[in-house]
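Data block below; observations after.
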Amino acid sequence: MTAAIRPMVAGNWKMNGTRASLDQIRAISEGVSGALSEKLDALICPPATLIYVATTLTVDTKLLIGAQDCHEKARSGAHTGDISAEMIADCFASHVIVGHSERRAEHHESNHTVSKKARAAYDQGLTAIICIGETREEHAAGRTMDVMKTQLVESLPDDATPENTVIAYEPIWAIGTGQTPGPEQVEDVHAAIRADLVERFGAAGEGFRLLYGGSVKPANARELLSVANVNGALIGGASLKADDFLAIYRAYEDILTS
């Protein structure tokens, strides 16, 4: 973990959550209100139907609320079923995930599209969480580093900064499978991402938050979050229950004091 960077534990609820799930958001917001909240950030990205209610519930708490996607056009337009960055900001959210592997695979989003979505987020004052990650086939072929470099170059806008952008590395073969790369593998990939960011953005590249995602759970959180250049986690299924999310969040109690 890079000491100078404030960590973030973020939850991506994906297509999960109804009004009944608001109790979990309330419990998470209560659980991240202690002294640890002065040292790291906590974020939940619920489905769009819950964003406004979630921000209302958490307005006086330390829990941040974000969205899972936005359209590449920052404001309104004839795009049935889509949500703009303006709409997300209007619900008082602070972040938006773009380029998640499920969007890239199921909706055929290219790196170029992801870059435009990130710019739309910037336009509305949102922080873009830009996801990158290799497939099982790319991993098996030893192409992980090449895939990461290409996705970084093409998905990150030139005006990306540590203030408006978070990078999330999610090996696609590990998402929801229970399979997790070892700490050494994670360290190697995150080090390469950091080097590429420094090469492109100079000293500012040292300040980007790099999150790890891919079957992060309470049992492996401390080990993964202790890895160099891992500045937090983007969590899927384990973020749906407050107890699991908070167990991962509290892994930093030891990390930040060691």
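The values are calculated or read from the model by the stated rules, or taken from the named source; none is laboratory data. All figures in this text were calculated on a predicted structure; none of them were measured in a lab. Because the Cβ atoms are built from the backbone with ideal geometry, glycine has one as well, and the counts that use them run over all protein chains shown.
Starting from residues that are in contact with a strand residue (DSSP E or B) (Cβ under 8 Å, 6 or more places away or on another chain) and outside any loop (DSSP other than H, G, I, E, B), keep the ones in region 84-100 and report whichever is nearest to Tyr52 (Cα to Cα).
Among them, the one singled out is Ile88.
In region 13-35, which residues are of a type in the set (A, V, I, L, M, F, W, C) and out of contact with any Lys or Arg (no Cβ under 7 Å at 6 or more places or on another chain)?
Trp13, Met15, Ala20, Leu22, Ile25, Ala27, Ile28, Ala35
Got a sec? Which of Glu199, Glu206 is over 26 Å from His71 (Cα atoms) and either aliphatic (A, V, I, L, M) or in contact (Cβ under 8 Å) with a residue 12 or more places away in the chain (or both)?
Every option except Glu206 fails the conditions.
Could you list all residues from region 16-57 that are part of a loop (DSSP other than H, G, I, E, B), at pLDDT 95 or above and over 16 Å from the mean Cα position of the chain (by Cα)?
The answer is Asn16, Gly17, Thr18, Val32, Lys39.
Any residue that is within 20 Å of Val166 (Cβ to Cβ), touching a residue at least 12 places away in the same chain (Cβ under 8 Å), in a loop (DSSP other than H, G, I, E, B) and not aliphatic (A, V, I, L, M) - is there at least one of those in region 101-118?
Looking through region 101-118, none of the residues is within 20 Å of Val166 (Cβ to Cβ), touching a residue at least 12 places away in the same chain (Cβ under 8 Å), in a loop (DSSP other than H, G, I, E, B) and not aliphatic (A, V, I, L, M).
Could you look through region 163-185, keep only residues that are among the small types (Gly, Ala, Ser) and part of a loop (DSSP other than H, G, I, E, B), and pick out the one that is modelled with the highest pLDDT?
So the residue we want is Gly182.
From Arg200, Arg194, grab the single residue that is touching a Gly at 6+ places or on another chain (Cβ under 8 Å) and within 21 Å of Pro157 (Cα to Cα).
One residue alone meets the criteria, Arg194.
Need pairs with beta-carbon distance below 6 Å; first residue under 15 Å from Gly213 (Cβ atoms) and surrounded by 18 or more Cβ atoms within 10 Å (Cβ to Cβ) and within region 173-189, second of a type in the set (Gly, Ala, Ser) and at pLDDT below 85; sequence gap 6+ or separate chains.
From residues that are under 15 Å from Gly213 (Cβ atoms) and surrounded by 18 or more Cβ atoms within 10 Å (Cβ to Cβ), the pairs are Thr180/Ala174.
Do the conditions hold for Ala160, that is, is it assigned to a loop (DSSP other than H, G, I, E, B) and crowded, with 17+ Cβ neighbours inside 10 Å?
So Ala160 passes the test.
Working carefully through the options Lys62, Lys39, find the one that is out of contact with any strand residue (DSSP E or B) (no Cβ under 8 Å at 6 or more places or on another chain), surrounded by fewer than 21 Cβ atoms within 10 Å (Cβ to Cβ) and under 23 Å from Ala247 (Cα atoms).
One residue alone meets the criteria, Lys39.
Does region 126-134 include one or more residues that are farther than 16 Å from Glu163 by Cα and either among the polar types (S, T, N, Q) or surrounded by fewer than 18 Cβ atoms within 10 Å (Cβ to Cβ) (or both)?
Among the residues of region 126-134, not one is farther than 16 Å from Glu163 by Cα and either among the polar types (S, T, N, Q) or surrounded by fewer than 18 Cβ atoms within 10 Å (Cβ to Cβ) (or both), which makes the answer no.
Please determine whether any residue of region 192-214 is surrounded by fewer than 22 Cβ atoms within 10 Å (Cβ to Cβ) and at pLDDT below 95.
Among the residues of region 192-214, not one is surrounded by fewer than 22 Cβ atoms within 10 Å (Cβ to Cβ) and at pLDDT below 95, which makes the answer no.
Scanning region 242-256 for residues that are assigned to a loop (DSSP other than H, G, I, E, B) and hydrophobic (A, V, I, L, M, F, W, C), which turns out modelled with the highest pLDDT?
Top of the filtered list is Ala251.
Is it true that some residue in region 72-83 is assigned to a loop (DSSP other than H, G, I, E, B), touching a Cys at 6+ places or on another chain (Cβ under 7 Å) and either over 19 Å from Ile51 (Cβ atoms) or modelled with pLDDT of 95 or more (or both)?
Looking through region 72-83, at least one residue is assigned to a loop (DSSP other than H, G, I, E, B), touching a Cys at 6+ places or on another chain (Cβ under 7 Å) and either over 19 Å from Ile51 (Cβ atoms) or modelled with pLDDT of 95 or more (or both).
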